[in-house]
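J.: This is the structure I want to talk about, given as structure tokens.
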Amino acid sequence: MNRTLKFAEQMLSQSIANNKFSMTGESKAKTVLVTFSILMAFLGIGFFVYGGYVWLSNSYDIVTVIVSMGGIFSFLSITSGILIYNIALYRRKKLQAEKETFINTAKDAFEIFQQELEAPVIDNPKIAILIASISGYLTGKRFL
């Protein structure tokens with residue numbers, strides 16, 4: 001465990017020295033500014049909600065204001081949920097299309113490769129087996 005702690009400490013000190021966070025690869029300044037802007041956005045939304053509540057409570061009774069605010073936020077929550085679901089569905093479809101394109105391209109490349117190597121292998125089967133054996137041996141020795 002002591003080695004792991006030393007490694008984590010070394011990684012953290014290097015990321016601080018290099019002005020990069022190890023998890024995101026973003027600079028510290030950008031991360032701080034994004035966090036600050038998100039905090040300010042939530043603060044602004046909070047003041048907006050409170051201002052809307054005070055404004056509506058001057059015109060209507062408290063129960064109507066609470067129900068109206070609850071309905072508005074429920075609508076916004078459902079709308080954002082539907083939007084997030086549609087974005088995820090779009091990304092999934094796009095990823096599936098890219099995957100199919102890659103698979104089709106790989107199949108075409110393998111077919112061309114097979115057509116190019118088919119004639120020499122049929123003409124010289126012993127040499128082809130020898131080359132395959134040597135390449136398999138070298139690959140196994142290198143990676144295993």
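J.: What residues from segment 53-94 fall in the zone where the backbone N is under 19 Å from a label point 7 Å along the Cα-to-C-beta line of residue 41?
T.: Zone members listed by number: 73-88.
J.: If one takes the longest principal axis of the Cα atoms in the chain, at what angle in degrees, from 0 to 90 and to the nearest 10, does the Cα axis of helix 125-143 lie?
T.: 50
J.: Compute the long axis of helix 2-17 from its Cα atoms, compare it with the longest principal axis of the Cα atoms of the chain, and write down the angle in degrees, 0 to 90, nearest 10.
T.: Approximately 70 degrees, to the nearest ten.
J.: A further question on this structure: Which semi-axes, in whole Å and largest first, does the equivalent ellipsoid of the chain have when worked out from the alpha carbon gyration tensor as the square roots of 5 times its eigenvalues?
T.: They are 61, 30, 12 Å, listed largest first.
J.: Then there is this: Using only Cα atoms, tell me the angle between helix 28-59 and the longest principal axis of the chain; keep it within 0 to 90° and round to the nearest 10.
T.: For 28-59 against the chain, the angle is about 30 degrees.
J.: Calculated from DSSP H runs of 4 or more alone, at -39500 (n - 2.57) each and per residue, what is the 222 nm mean residue ellipticity of the chain, nearest 500?
T.: The helix-only estimate for the chain comes to -32500 deg cm²/dmol at 222 nm.
J.: Suppose every Lys and Arg Cβ carries +1 and every Asp and Glu Cβ carries -1, with no other charges. What dipole size does the chain come out with about its Cα centre, to the nearest 20 debye?
T.: Charge dipole, the chain, about its Cα centre: 560 debye, nearest 20.
J.: Let a ≥ b ≥ c be the square roots of the eigenvalues of the Cα gyration tensor of segment 76-144; is it rounded (a/c under 1.5), or, if not, prolate (a/b larger than b/c) or oblate? Each step should come with its number before you reach the end.
T.: Working: a/c = 10.84, a/b = 2.79, b/c = 3.89.
Cα axes put segment 76-144 in the oblate bin.
The numbers here are math on the coordinates, done by the rules we state, and not lab data. Since we're looking at a predicted model, the values are computed, not measured. Glycine gets a Cβ as well: all are built from the backbone with ideal geometry, and neighbour counts include every protein chain shown.
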